[in-house]
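The values are calculated or read from the model by the stated rules, or taken from the named source; none is laboratory data. Being a predicted model, the structure only gives us computed values, none of them experimental. Every residue, glycine among them, receives a Cβ derived from its backbone with ideal geometry; neighbour counts consider all protein chains shown. Only protein heavy atoms, including side chains, enter the accessible area calculation; ligands, DNA and RNA are left aside. Shrake-Rupley method; radii C 1.70, N 1.55, O 1.52, S 1.80 Å.
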Amino acid sequence: MSLDLPRADELGLIGCHVCGLVCRDTGAEGAHCPRCHSALHRRKQASYSRTLALLLAAFMLYIPANVLPIMRTASVGDIDDNTILSGVIELWVKGSPDLAVIVFTASIVVPMLKFLALGLLLWSSRHATPWARRQRAKLYRLVELIGYWSMLDVFVVALLTALVRFGVLSLVEPLPGVVFFGLTVILTMFASMSFDPRLIWDGRESDD
Amino acid sequence: MTDQQVPSDLPEPVVRKPRINASFVWLIPVLAALVGLSLVINAWMQAGPTITISFQSAEGLDPGKTPVKYKNVVIGRVTAVTLAKDRSHVTAKVSLEKSAEGFATADTRFWVVRPRIGLGGVSGIDTLLSGAFIGADVGESKESRDEFTGLEEPPAVTHGAPGKTFKLHTDDLGSLDIGSPVYYRRIQVGRVVTYQLDKDGKGVSLQIFVDGPNDEFVSKSTRFWNASGVDVSIGADGVKLNTQSLATVLAGGVAFGAPLGPHDETPAEQGAEFRLFGEQATAMAPPDGEPRYIRMRFDQSLRGLKVDAPVEFLGVPFGRVVSINLDFDEKTQTFPVIVGAVVYPQRLGRAHDKLVALAKARGDDAQLSQMMGRLIEHGLRAQARSGNLLTGQLYIALDFVPKAPKVPYDPMVKPLEIPTVPGSFDKLQEQLAEIVDKIQKIPFDSIGQNANATLAELNRTLKKVNDDVLPEFKTTLQGAQQTLGNANNALSADSPLQQNLGGTVQEMQRTVRSLRVLTDYLGAHPDALLRGRRADAPPERNAPPAPTSTQEGSKP
């Protein structure tokens, strides 16, 4: 089925993201909605470079997030520093494979998936390829959805730090790694927010 | 295609100046890169040298966790523990911190701090909970090195501690060990650092460390002695018990003190060498001087004489017995005992000095053998005496025996041999032996046999008595019993015999009465004997029955 409908862009129109008012696209810099005064842009401003920059920053921070220990568990006389991966391994070895799978998914799989997905989206939209547009749109929605869930590790550390405070008997402390991990998650969320899914459909010849 | 569908009355957007340049977003990855880079640089800056330490066992070593500490400050961490190829030891890889670069030098020592519970005390208790760690002690060497052999025991002295090291020589280690305390006036002032056998194997060298500022109490004339444990010695002097402190009873220790009397009080230098005496008394005694070996030959048994028994010269401790051997004399077919002893002539003090002076004045050399020769001429003899009657311990006494028989003496004989005389106790023994001999001569055997035969005879006789005589005796007794019964019957009040007897007695009474009348009459009339009774006797009241009774009584 061929739906060769014109784009708002092609019609010289611009829609407000907040109140939905459709304005004429004058092509001027710094256009604002005359009704709600929120910024108007044809496509998200510098969507591509922003997403790329944020994604790169997130990826850079993801390395120390994985290398540095995120949590210190100190029980009587035994101090244990764990990175994300060593925590997963420890959970697996000590008989909680289900928890290990959850933590692994939330802390390793999801961020990596986001990097790959966003990287793919960026790359494909840069080249304006008509390849699998719908699937890419779905992928973007998926990335948006799972973005909320990758903070699991940070929450675990925050909760444990607050709850496990038994002095010498048992103590959980956050370590720098968790900050980097939190920053990674936040930056990937920003990256996926700043990506404009409309870029997927730009430069098409047909709406397949 | 564009203008046909778009309504023309659409509002125009308001234009404002953009506040932030969009390209500022690139600051974020730059910042992230900077942070990452700073982390890398930081890690690189902090990474010190990596060293390997080999240990006998990896007990308590946990890769990634076990820290290396110096003065309880973490200076590194064990990153890996591997087994050596020949499985004889383990190798711990330690990454030191940048600030601990100076620890990778040749004379740094590493050891594992674990909880240690020994006789000397308890250490490393905190590691019970926190886990073991590797202790480090750095020396002064500048030569860098990255392979170390870990100590199995913590070193007793850390480098740079104020104090001095001294070297002690002794015959045996006793109950000392590394870390054994060193006491001065019963205050612990140091400890034993190391010990090893001398190269010739004839002694033990100990290194002790005395902490400052107490190290200045070790002077050049200080005496060291082994204060290990409880010294119970049962010798000829009786039972001795000596301890320094309760801790030394368990773990052993070294004590030192200044000798009595005037002495050199200059503090000893680092590494000065001393002799470690077995006990305080010998340590405090004046120096013994050169030991001399003497030999004595005893013809009697020396039961109770032991190696280390004292040798006394006129009651002064002079030396000690070092060997007791049995010899065989072909001529007399006896087994003399050869006793070897070490004596210290200097222990005789002024006597020794004077003897030496005399010998010199006479032109003899001052050898012990020469001096002894003169003394032996004057009757010096060795004698095994009983030092303790209870335990029977013997000691050797060198004494002047007044009427000692002359013995040939050759001062050239080596070793010096001192003639002996039997001890007083031996004489007593001889006398006892004589008595025993005499007792032995009594023919106990034949006496016994005779006694045996006699007893057998007696036995037989008694049997006979039992068999033959006793039944007879029984019947005799029965007869006697019968007789007695008869006698009893005869004597009973109603028996005829009794009645007869009563009658007889009455008759006798009557007879006696008439006799009395007769005597009365005769007293009054003595002439009646010649003339007979007067017919005209005056009537008397009692007269009439009197004559009849007289007559009747006189008749029978």
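The helices (runs of 4 or more DSSP H) falling completely within segment B:468-556 that include 2 or more residues that are open to solvent by 80 Å² or more (accessible area, probe 1.4 Å), at pLDDT 75 or above and of a type in the set (A, V, I, L, M, F, W, C) map to B:470-491, B:496-524, B:528-531. Just give me the residues in segment B:400-442 being surrounded by fewer than 17 Cβ atoms within 10 Å (Cβ to Cβ), within 24 Å of B:Val342 (Cβ to Cβ) and among the acidic types (Asp, Glu), in sequence order. B:Asp410 - this is the single residue of segment B:400-442 that is surrounded by fewer than 17 Cβ atoms within 10 Å (Cβ to Cβ), within 24 Å of B:Val342 (Cβ to Cβ) and among the acidic types (Asp, Glu). So for segment B:127-137 (the condition being in contact (Cβ under 8 Å) with a residue 12 or more places away in the chain, in a loop (DSSP other than H, G, I, E, B) and away from every other protein chain (no Cβ under 14 Å)), does at least one residue qualify? No, the conditions are met nowhere in segment B:127-137. Restricting B:Thr266, B:Thr282 to residues that are hydroxyl-bearing (Ser, Thr, Tyr) and over 29 Å from B:Ala384 (Cβ atoms) narrows the list to B:Thr266. Only residues that are assigned to a loop (DSSP other than H, G, I, E, B), more than 13 Å from A:His37 (Cα to Cα) and in contact with a His (Cβ under 9 Å, 6 or more places away or on another chain) were counted across segment A:7-19, and they come to 0.
Here A:Val22 meets each of (1) open to solvent by less than 50 Å² (accessible area, probe 1.4 Å); (2) β-branched (Val, Ile, Thr); (3) at the interface with another protein chain (Cβ under 7 Å from one of its Cβ atoms) with one exception, condition (1). Among the numbered conditions (1) modelled with pLDDT of 80 or more; (2) part of a helix (DSSP H, G or I); (3) surrounded by 13 or more Cβ atoms within 10 Å (Cβ to Cβ), the only one that B:His352 does not meet is (1).
Pick from segment B:147-173 the residues that are within 23 Å of the chain's Cα centre (by Cα) and open to solvent by 50 Å² or more (accessible area, probe 1.4 Å): which of them is nearest to B:His89 (Cα to Cα)? Out of the qualifying residues, it is B:Asp172.
Restricting A:Leu68, A:Leu54 to those that are closer than 27 Å to A:Lys114 by Cβ and facing chain B (nearest Cβ under 7 Å) reduces the list to A:Leu54. Note on segment A:34-51: residues that are touching a Leu at 6+ places or on another chain (Cβ under 8 Å) and within 7 Å of chain B (Cβ to nearest Cβ) total 1.
Residue count for segment A:97-112 under the criterion of being surrounded by fewer than 18 Cβ atoms within 10 Å (Cβ to Cβ) and under 19 Å from A:Val154 (Cα atoms): the result is 8. When the residues of segment A:77-96 are narrowed to those that are farther than 19 Å from A:Thr188 by Cβ and open to solvent by 70 Å² or more (accessible area, probe 1.4 Å), which ends up farthest from the other protein chains (Cβ to nearest Cβ)? Looking at the filtered set, the residue picked out is A:Trp92. In segment B:200-208 there is at least one residue that is within 17 Å of B:Gly257 (Cα to Cα) and open to solvent by less than 20 Å² (accessible area, probe 1.4 Å). Candidates B:Gln300, B:Gln333: the one that is over 28 Å from the mean Cα position of the chain (by Cα) and either crowded, with 17+ Cβ neighbours inside 10 Å or within 24 Å of B:Ala404 (Cβ to Cβ) (or both) is B:Gln300. Within segment B:64-84, can one find any residue that is farther than 23 Å from A:Ala74 by Cβ and either open to solvent by 80 Å² or more (accessible area, probe 1.4 Å) or polar (S, T, N, Q) (or both)? Checked against the condition, which is being farther than 23 Å from A:Ala74 by Cβ and either open to solvent by 80 Å² or more (accessible area, probe 1.4 Å) or polar (S, T, N, Q) (or both), segment B:64-84 yields at least one hit. For the structure I just gave you, tell me whether B:Ser205 is within 19 Å of B:Asp172 (Cβ to Cβ), at pLDDT below 75 and either out of contact with any helix residue (DSSP H, G or I) (no Cβ under 8 Å at 6 or more places or on another chain) or not in a strand (DSSP E or B) (or both). Here the answer is no, as B:Ser205 does not meet what is asked.
In summary, A:Arg126 fulfils each of the numbered conditions (1) in contact (Cβ under 8 Å) with a residue 12 or more places away in the chain; (2) surrounded by 13 or more Cβ atoms within 10 Å (Cβ to Cβ) with the single exception of condition (2).
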